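In what follows, a single structure is set out as structure tokens and then discussed.
Only the coordinates and a few stated rules stand behind these numbers; no lab work does. Source: prediction; values computed, not measured. Please note: Cβ atoms are built from the backbone with ideal geometry, for glycine as well, and neighbour counts cover all protein chains shown.
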Amino acid sequence: MVHRAGTVTWANAAMLELLGLERLDQVMGRNILDFAPPEDRVPLAAEMARSHPTRVTDGWQEYRTLRADGQIRRVLASTVPNIELDGAPARLVVLRDVTEHHRLREQLTLGDRMASLGRLAAGVAHEINNPLAYVHTSLEVASRALAALDDPRTATIAESIARARDGAERVRGIVRDLKMLSRPDDEPYEPVDLPAALDSTLALAANAIGPKARVVRSFGAVPKADATRGRLGQLFLNLLLNAADAIPEGDAERNEIRVTTRTDASGRAVVEISDTGQGIEPALAERIFDPFFTTKEIGAGTGLGLAICHRIVTQLGGDITFE
């Protein structure tokens, strides 16, 4: 791309493709800032103002560009000074699209972090399980002893023990989820029919989804997945319950959870689960797969569901993404 003081005077076909445009007149005469996300424009303008007309950009610097369809691409940019176009000085900007490289790098980083956490989770779960077993057994013995007394004066004590048992069960559930983060897949792999697996999981989640949204199935042609039925079932159940949690009760006909299967360009099986719920703030989107991160109220969730989903998918050799 060539520009004068930020105004585009020329761009090649690759640049138009990067921006999602078809004709040169769609970029000619426009400011470079028009092709940056709104939140990036002020710092980019300041950087351009500091740039000396004869200075070459030091190496390649990373920026974000905004396509015509609203997608954001990541690019490396380098500037060459002092070219001449149509008899007047201008600047040539060379851009390299590194969006896919950036995505793969983030996935590798997250995968490494999840593997480290898995090893930590295995140790923590083991250490918690032993004293938890003592607590659970002692509460059970105390509860039976009180029941045998048949004395109304012990009702308050029985209620306290019942609350303690509920708390212990919640801790046990968290430990179970921690172990799920850490253990390798021990089920045999087999070709799994994805629409059938999704139908089975939707039946399990029907009570949670029913008061909130209608389910829309859009099952396109999809190859069988080389996976384990149990882990896929858990993966789909976590995603469906996560979708249901984002939708308030009371307007089930208006809201929907859509489940889609299709085949991508490389022949891989794709499952998409979307909902018409409240969504999540863009600033928090990068944290959704972090263990113990949750946007739910205190006590309403552990923040392990999506972390477990990520673990399952990566163990199966797949990718999981979020919008």
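Placing dummy labels 7 Å off each Cα toward the beta-carbon, the span from Ala147 to Asn12 is 7.9 nm.
Straightening the chain between Ser218 and Arg30 buys 63.6 nm, computed as 0.36 nm per residue apart minus the Cα-Cα spacing.
What FRET efficiency do you get for Ala208 and Ala158 if R0 is 22 Å and r is their Cβ-Cβ distance, rounded to the nearest 0.05? Show your work: numbers first, answer last.
Values: r = 31 Å, r/R0 = 1.39.
Working from the Cβ atoms, E equals 0.10.
Dipole magnitude for segment 1-53: computed about the Cα centre from +1 point charges on Lys and Arg Cβ and -1 point charges on Asp and Glu Cβ, it is near 220 debye. In plain terms, the chain from Thr137 to Asp97 could stretch by 8.5 nm, reckoned as 0.36 nm per residue minus the Cα-Cα distance.
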